[in-house]
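Take a look at the structure below.
Derivation of every value follows stated rules applied to the coordinates shown; laboratory data play no part. These numbers were taken from a predicted model, which means no experiment stands behind them. Note that we place each Cβ from the backbone using ideal geometry, even for glycine, and neighbour counts take in every protein chain shown.
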Amino acid sequence: MCNAKLEPYDPATLALRLDAVCARIRTAERVAGRPPGSVALIAISKTFPPEAVAAVARAGQRAFGESYVQEAVDKIARLRSMPGTGPLQWHFIGPIQSNKTRPIAEHFDWVQSVDRIRIAQRLAAQRPADRAPLQALIEVNISGEASKGGVAPSEVAGLAQEIVRLPGLRLRGLMAIPAPGLPPAGQRAAFGRLRALQKELRAALDGPSAAGIDTLSMGMSGDFETAIAEGATMVRIGTAIFGERA
Ligand SMILES: *Cc1c(COP(=O)(O)O)cnc(C)c1O
């Protein structure tokens, strides 16, 4: 008990929490009448050390999300040299400054927080030619919060029409973080709005681009079952796996 502070990074504890989250995802899929495996789990490892990520990777998790560029680049490099962690898929989910696009383009598989064309153009131009296109989501400010990143719902289709023309990026769908503290009905309404926007987006794009829109990234530790009920195909979960962030 002297080491209670280390408990969150205990590999057995992390593996149990990962299993519990996966079981809750499977249950939510079933309750929503959706096929098992239709929701992908992204484990959000921001602020947690490489050892914690390695433990979760060894327990079978492959996709991780990070919000801070330098922290992420260091962690991605460390994980590559840690045995038993397998090839991992990395998602960038944080705000993007234009002077930080290059490391994102070079080190990530997905970027979920694209909210302006200038950033998309830089990411596309800086994506190394020997890597698969960077899989991209447009972040939507779904609750209309003044202080939050993300495009307004009315701007999604226009931005998407420009992004699909960029080689080096592949537009896959939408991401949103509803305003914190909403009651369950408000959360559910926000997730429903994102799903409706995705449908409108498909209608606004040409056939091949529309067919590529298959991802709705919504739902975090506190609300992912609601998001799955509203059609999430990707949930981003940190706290329920890694514990509280400092
Ligand atoms: C931190 C973060 C998460 C994870 O939140 P938890 O409540 O810890 O599950 C999900 N999405 C984004 C964009 C984040 O920044």
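Around the amide H of Ala179, modelled in the peptide plane, lie the amide H atoms of Ser143, all under 5 Å away and 5 or more residues distant in sequence or on another chain. Over the chain, dividing the summed -39,500 (n - 2.57) contributions of all DSSP H runs of at least 4 residues by the number of residues returns a 222 nm mean residue ellipticity of -12500 deg cm²/dmol. At a Förster distance of 25 Å, what's the computed FRET efficiency of Ala246 paired with Arg102, Cβ-Cβ distance as r, to 0.05? The computed FRET efficiency comes out at 0.30. DSSP assigns beta bridges within the chain; of those with both partners inside it, close to 0 percent run antiparallel.
Protection proxy ranking for 17-30, 107-120, using the average of other Cβ atoms within 10 Å per residue and placing the highest first: 107-120, 17-30.
Using r as the Cβ-Cβ distance of Asp130 and Val31, and R0 as 30 Å, what FRET efficiency do you calculate, to the nearest 0.05?
Efficiency computed from Cβ-Cβ geometry: 0.10.
Taking amide H as placed 1.01 Å from N in the peptide plane, Gly238 has its amide H under 5 Å from the amide H of Ile44, Ser221, each at least 5 places away in sequence or on another chain. Under the simplified labelling scheme, the Ala210-Thr13 pair shows an inter-label distance of 5.0 nm, with each label point 7 Å from Cα along Cα→Cβ. Over region 11-242, the pair-distance histogram of Cα-Cα distances with 5 Å bins from zero comes to 1, 7, 15, 18, 20, 18, 13, 7, 2, 0 percent, rounded to whole numbers.
Each residue of region 169-178 was assigned a 3J(HN,Hα) from its phi angle through the Karplus expression (A = 6.51, B = -1.76, C = 1.60, θ = phi - 60°), giving 10, 10, 6, 10, x, 10, 10, 8, 10, x Hz with x at Gly and Pro.
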